[in-house]
Amino acid sequence: ACGDALLGEAPRGALAVHALVPDLLKGGRTPRLLRRCEAIADRALERLRVRHRSARPLAAGEALPGDAPRLLLQLLLLSPERLLVSLSPCEQGRGLGTWPNWHAPAGLASVDVPKSTHMPSSAYRKLSEAFDCLQQWPAPADRVVDLGACPGGWTATLRRLGCSVIAVDRSPLDAQLAHDPRVTFVGGDAFAYEPPWAGEEGRGVRTWMVSDVIAYPARAVELVRRWGSRRWASRMVVTMKFQAGVDWAALDEAGSAAESLGYDFRSKHFFNNKNEVTLLLQLRE
């Protein structure tokens, strides 16, 4: 009854159906039981469309408004005869994505690029996951800074989006990126760097700071405070790396700092994160 009420109240196109199996999070290309679960999900969606407009697809060219309620039906097939079902509303993250992830099953974004594409490191997947989670991508006209850019995985990702990038690091950048006319390399300390627009009126508008610097968690908090207090960026994607277990104190400090400086904040461990989490920040309008 509760599920019927949720489905009945939501607008057309609000329901996403995700097929899940235990092996999905192991990174294999053909997880066991996935095809069977997808077939079950398709059949369930067909039946729901008969009764609920929320399960019916939007018309061609139509999009669900950003603030519209969203529902997620998750089907987890544990064995050929055992299926767990969950229906839940998705919390809107004020520009920082939804929880649970409405777009990608288990939050697993498709981030691999063709093997023929030159990517200096595999770290590019982390930034691509962050953008997919946010459902926001830097536009070619946005101002973008990549702190701790070497060897260039994140810079290469940003260039694939058409952005001009300021790449900052003590170590040299990948040779191909170094010769890219839309990459400006700044050799030096990422924590001391000031962007060209520092001190401008309206600073931080359409501006991204991304950082995958190898440093203690406290330095990630330092970046959040430094860039946030000066409004040098309207959006930030920062990796906080740990030496052993999660530094919960530093993580809490980063969130508190972001909130006090006028940013919405979310931290997330992506599939391609190792002993680290990604901090996502967006300046409140």
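For Ile166, the conditions (1) more than 21 Å from Ser116 (Cα to Cα); (2) in contact (Cβ under 8 Å) with a residue 24 or more places away in the chain; (3) part of a loop (DSSP other than H, G, I, E, B) all hold with the exception of (3).
Just checking, does region 175-183 include any residue being under 23 Å from Leu279 (Cβ atoms) and surrounded by fewer than 23 Cβ atoms within 10 Å (Cβ to Cβ)? Spell out how you get there, then give the answer.
Start the filter on region 175-183 by keeping residues that are under 23 Å from Leu279 (Cβ atoms), which leaves none.
So far as region 175-183 goes, no, none of its residues is under 23 Å from Leu279 (Cβ atoms) and surrounded by fewer than 23 Cβ atoms within 10 Å (Cβ to Cβ).
Taking each residue of region 28-42 that is surrounded by 14 or more Cβ atoms within 10 Å (Cβ to Cβ) and looking for partners that are of a type in the set (Val, Ile, Thr) with beta-carbon atoms closer than 6 Å, six or more apart or interchain, yields Pro31/Val21; Leu33/Val21; Leu34/Val21; Cys37/Val21; Ala41/Val17.
Any chance region 48-59 includes a residue that's without any contact (Cβ under 8 Å) to a residue 12 or more places away in the chain, closer than 23 Å to Leu6 by Cα, surrounded by fewer than 17 Cβ atoms within 10 Å (Cβ to Cβ) and of a type outside the set (A, V, I, L, M)? Scanning region 48-59 turns up at least one residue that is without any contact (Cβ under 8 Å) to a residue 12 or more places away in the chain, closer than 23 Å to Leu6 by Cα, surrounded by fewer than 17 Cβ atoms within 10 Å (Cβ to Cβ) and of a type outside the set (A, V, I, L, M). In the condition set (1) surrounded by 15 or more Cβ atoms within 10 Å (Cβ to Cβ); (2) under 26 Å from the mean Cα position of the chain (by Cα); (3) modelled with pLDDT of 95 or more, Val85 is compliant with all but (1).
The residues of region 129-163 that are closer than 19 Å to Pro114 by Cβ and of a type in the set (Gly, Ala, Ser), listed by number, are Gly152, Gly153, Ala156, Gly162.
Checking each residue in region 236-265 for being closer than 23 Å to Gly153 by Cβ and open to solvent by 40 Å² or more (accessible area, probe 1.4 Å) picks out only Gln243.
For region 72-94, state whether one or more residues are more than 30 Å from Leu283 (Cα to Cα) and touching a residue at least 60 places away in the same chain (Cβ under 8 Å). Talk me through it step by step, then tell me what you get.
So the first thing to find is which residues in region 72-94 are more than 30 Å from Leu283 (Cα to Cα), and the list is 73-87.
Going one step further and asking which of them are touching a residue at least 60 places away in the same chain (Cβ under 8 Å), we end up with 87.
Within region 72-94, one or more residues are more than 30 Å from Leu283 (Cα to Cα) and touching a residue at least 60 places away in the same chain (Cβ under 8 Å).
Exactly one residue out of Ser128, Ser122, Ser116, Ser79 is hydroxyl-bearing (Ser, Thr, Tyr) and within 30 Å of Ala44 (Cα to Cα): that is Ser79. Looking at this structure, is Asp212 open to solvent by 20 Å² or more (accessible area, probe 1.4 Å), among the acidic types (Asp, Glu) and under 19 Å from the mean Cα position of the chain (by Cα)? For Asp212, the condition - open to solvent by 20 Å² or more (accessible area, probe 1.4 Å), among the acidic types (Asp, Glu) and under 19 Å from the mean Cα position of the chain (by Cα) - is met. Which of the following residues is under 20 Å from the mean Cα position of the chain (by Cα) and basic (Lys, Arg): Arg219, Arg235, Arg226, Arg231? Testing whether each residue is under 20 Å from the mean Cα position of the chain (by Cα) and basic (Lys, Arg) leaves just Arg235.
Only residues that are assigned to a loop (DSSP other than H, G, I, E, B) and open to solvent by 50 Å² or more (accessible area, probe 1.4 Å): list them for region 109-149, please. Hits for region 109-149 are Ser110, Asp112, Pro114, Lys115, Ser116, His118, Ser122, Gln135, Trp137, Pro140, Ala141.
The values are calculated or read from the model by the stated rules, or taken from the named source; none is laboratory data. Since the structure is predicted, the reported quantities are computational estimates derived from the model, not experimental observations. Positions of Cβ are generated from backbone atoms using ideal geometry, with glycine treated the same way; all protein chains shown enter the neighbour counts. Heavy atoms of the whole protein, side chains included, go into the accessibility calculation; ligands, DNA and RNA do not. Shrake-Rupley method; radii C 1.70, N 1.55, O 1.52, S 1.80 Å.
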